[in-house]
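Trainee: This is the structure I have questions about; it appears just below.
The values are calculated or read from the model by the stated rules, or taken from the named source; none is laboratory data. This is a predicted model, so every value here is computed, not measured. As a convention, Cβ positions derive from the backbone with ideal geometry for all residues, glycine included, and neighbour counts pool all protein chains shown. In case anyone asks, the SASA skips ligands and DNA or RNA and just uses the protein heavy atoms, side chains included. Shrake-Rupley method; radii C 1.70, N 1.55, O 1.52, S 1.80 Å.
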Amino acid sequence: MFYISEENFIDRFIATLKVLNVPSIPFDNSEFYSGIEAMKTYFLENIDCFGDFSNEIAMLFIKNPFEGVFSRFRDVISEQNGWYISFENPEYVNGIIKITLDDAHNIIESNDLEISQEHLNSIANAFCIGAGILI
């Protein structure tokens, strides 16, 4: 079970990727986890800028001690399969962002996590840099 704030954060993350013209992201592989590691670094350096829900969002950046990966982040992204992102490949190593630009803007504007667009852009950029995605 996830906090609503975690799900809303992931929704805004995916929407921000769309606004940044990122068509797809790696999923459940070393690039994906490197991207999350870069996000974690940015998040922890700027945690006070992530509003009242920062402690709940921080749960996304804790590695599962058994797998050694950010399984909570992965699982919240997985829940978006068929909604905001689609895994249309046999091994599910690539997630295609399936929302329109208008939908992305609506998601960003309708969400009340108290996170500025500047910080959303920065954390999405951190993911892209860590995952090796060219913007």
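Trainee: Counting only chymotrypsin sites (Phe, Trp or Tyr not before Pro) that are in a DSSP loop and have at most 16 other C-beta atoms within 10 Å, tell me the longest site-free stretch of the chain.
Mentor: No qualifying site falls inside 4-65, the longest such stretch.
Trainee: Another question about this same structure. Once fully extended, how much extra length lies between L134 and V93, figured as 0.36 nm per residue of separation less the alpha-carbon to alpha-carbon distance?
Mentor: On the way: separation 41, 0.36 × 41 = 14.76 nm, distance 1.73 nm.
Extra length from L134 to V93 when fully extended: 13.0 nm.
Trainee: Turning to a different aspect of this structure: Take every Cα-Cα distance within segment 33-74, group them into 5 Å bins from 0 onward, and report for each bin the whole-number percent of pairs it holds.
Mentor: 6, 25, 31, 23, 12, 4, 0
Trainee: Once neighbouring chains are kept in place and the probe is 1.4 Å, which whole percent of the accessible area of the chain is contributed by carbon and sulfur? Mind dumping the intermediate values first?
Mentor: On the way: 3560 of 6910 Å².
On the chain, the fraction of accessible area on carbon and sulfur atoms equals 52 percent.
Trainee: Quick one, what does Rg over Rh come out to for segment 60-102 if you take C-alpha atoms and the Kirkwood Rh?
Mentor: Details: Rg = 12.2 Å, Rh = 11.5 Å.
Reported Rg/Rh (Cα atoms, Kirkwood Rh): 1.06.
Trainee: Rounded to the nearest 0.05, what FRET efficiency do N121 and F66 give with R0 = 30 Å and r taken as the Cβ-Cβ distance? Could you check?
Mentor: 0.35
Trainee: Obtain the nm distance between the two label points defined at E45 and M59 by a simple spin-label model: each point lies 7 Å from its Cα along the Cα-to-C-beta direction.
Mentor: Computed distance between label sites E45 and M59 equals 2.7 nm.
Trainee: Give a quick list of GluC sites (Glu not before Pro) in segment 1-96 that DSSP marks as loop, anything other than H, G, I, E or B, with at most 16 other Cβ atoms within 10 Å. Please report the intermediate quantities before stating the final value.
Mentor: Numbers: sites: E6, E7, E31, E37, E45, E56, E67, E79, E88, E91; in loops: E67, E79, E88, E91.
Sparse-neighbourhood loop GluC sites (Glu not before Pro): E67, E79, E88, E91.
Trainee: Would you tally the net charge around I85, using a Cβ to Cβ cut-off of less than 15 Å, leaving I85 out, and scoring K and R as +1, D and E as -1? Intermediate values should be presented prior to the final figure.
Mentor: Working: positive: R12, K18, R74, K98; negative: E7, D11, D28, D75, E79, E88, D103.
Local net charge: -3.
Trainee: Right, something else. Wrap a convex hull around the Cα atoms of the chain, take a quarter of its surface area, and give that in square nanometres.
Mentor: It is 7.5 nm².
Trainee: A further question follows. Distance from a point 7 Å along Cα→Cβ of S30 to each backbone N in segment 60-86: keep the residues under 13 Å and list them by number.
Mentor: none
Trainee: Given only helices, namely DSSP H runs of n ≥ 4 each adding -39500 (n - 2.57), what is the per-residue ellipticity at 222 nm of the chain, to the nearest 500 deg cm²/dmol?
Mentor: Values: 6 runs with 69 residues, N = 135.
Counting only the DSSP helices, I get -15500 deg cm²/dmol.
Trainee: Count charges around F61 for me, please; just the other residues with Cβ under 13 Å from its Cβ, Lys/Arg as +1, Asp/Glu as -1.
Mentor: Values: positive: K40, K63, R72, R74; negative: E6, E37, E45, E56.
Taking every other residue near F61 into account, the sum is 0.
Trainee: Can you work out the Karplus-derived ³J(HN,Hα) for every residue in segment 57-66? Use 6.51 cos²θ - 1.76 cosθ + 1.60 with θ = phi - 60°, whole Hz, and x for glycine or proline.
Mentor: Here the 3J(HN,Hα) series is 5, 4, 4, 5, 9, 9, 6, 5, x, 7 Hz.
Trainee: A follow-up question, please. Suppose each label sits 7 Å from its Cα in the direction of the beta carbon; what would the E79-L101 distance come out to in nanometres?
Mentor: Output for this residue pair reads 3.0 nm.
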